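The block underneath contains the structure these notes are about, expressed in structure tokens.
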Amino acid sequence: MSIIKWLTLFNIGRGFYSNIKHYKAELMGLAIILIMCYHSERLPVIGKLQDFGDIGVDIFLFLGAYTCTTSYLKFVGAQGMKGFRAYLWRRIRRIVPPYMILWGPVFAISTVVEHETILSFLKSWVLWDSWFHNSRFLWYIPSVLTMYAILPCYVQACRKWKAMYWMPVALILCNVYMGIIDFEPVPQMTLTRLPVFLLGINLYLAKDSSVPQSGFVVFAVLTVLIIGFYLLTKTVLPEYSNLEIKRTCYIPFVLLLVHGWHCKSAFLQFLGAITLEIYLIHECLVYKPLCEHLEFSPYLATFVAMPVAVGVAWTYNKLLKYLIYKK
């Protein structure tokens, strides 16, 4: 087998499929640890590394896209349009009830305490600002729901038009350009993470279908150029140092991490099973209250919040299984 043939998305797709199949839970567990570190106070010595902790979100999205493509194709292949509806329902059922059951009472109490209107409560509960005003508060919920809704359309488009495989590259260039001109559209939080999500879909589809052999080479060259540009923004072009460029540079590291991960861990598997619950609880319901209301020092709160959030998330996950998932 020639080197050029090996360096195609087809062969790399097979490698990702095997790794995600065997280590998905561990990678999810690692991702939520990185996110908890990112949401916490910067610690001495390792503080700079914490700034890159939000790469955990990109790991989530890549893994989610890869595995949800599997689920979608399985449902549609077996049930057609009924399978399409089943796929969407499973995604909504996993994300929306855990969020609404937990945060509904929180927003209701806040509405009463602050003497706000029912409309304000409803806007908070449906994450109005995250959907329409680029708010960073629990932004992951509307963003990931949007991406899961896009997935079936993108999969079918890729199967019909091979040129659609280049969409992640086009979005990467678009995000870099927006970063250069300092433009933040309303769906900025979604757009900057969408390329890695689409790449997860691409790499699954590449396992079973023909992908342009130049795809990997072009993506690799583009990655080198973007990382080079990012390094320039940290040295001689600081005016262009922003999140859009930074998040674009995460993509190759996510791919390398997922492709190279070969570590089994019962602890990471445990965390990987409750990642959504930890995300919903850690920062806003544990870490910030410890700092703002119980007056913990930020450093102490960083170490206390993580095990507390994991314990509460595990309990909440058990409750959800009883109430929603009937397990």
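The values are calculated or read from the model by the stated rules, or taken from the named source; none is laboratory data. Computed from a predicted model, the values in this text were never measured in an experiment. Counting neighbours? That spans all protein chains shown, and the Cβs are built from the backbone with ideal geometry, glycine included. Surface accessibility is based on the protein's heavy atoms, side chains included, excluding ligands, DNA and RNA. Shrake-Rupley method; radii C 1.70, N 1.55, O 1.52, S 1.80 Å.
The listed residues Val186, Val286 rank as Val186, Val286 when sorted by accessible area, largest first, using a 1.4 Å probe. Tell me the label only: which of (i) 25; (ii) 38; (iii) 20 is percent of Cα pairs over 36 Å apart as calculated from this structure? Recomputing percent of Cα pairs over 36 Å apart here gives the entry labelled (iii). Taking all protein chains as they are arranged and a probe of 1.4 Å, the heavy atoms of Trp314 leave approximately 120 Å² accessible to solvent.
Surface exposure of the chain, expressed per residue as accessible area with a 1.4 Å probe, stands at 50 Å². Summing charges over neighbours of Thr315, with a neighbour being any other residue whose Cβ is under 13 Å away from its Cβ, gives +1 when K and R count +1 and D and E count -1. Within the chain, the longest run free of GluC sites (Glu not before Pro) that sit in a DSSP loop with at most 16 other Cβ atoms within 10 Å is 117-294.
Potential lengthening of the chain between Leu49 and Lys123 amounts to 23.1 nm, from the contour at 0.36 nm per residue minus the alpha-carbon distance. Rolling a 1.4 Å probe over the protein heavy atoms of the chain, with every protein chain left in place, gives an accessible area that is 70 percent carbon and sulfur. Its DSSP H runs of at least 4 residues, each contributing -39,500 (n - 2.57), put the calculated 222 nm mean residue ellipticity of the chain at -24000 deg cm²/dmol, to the nearest 500.
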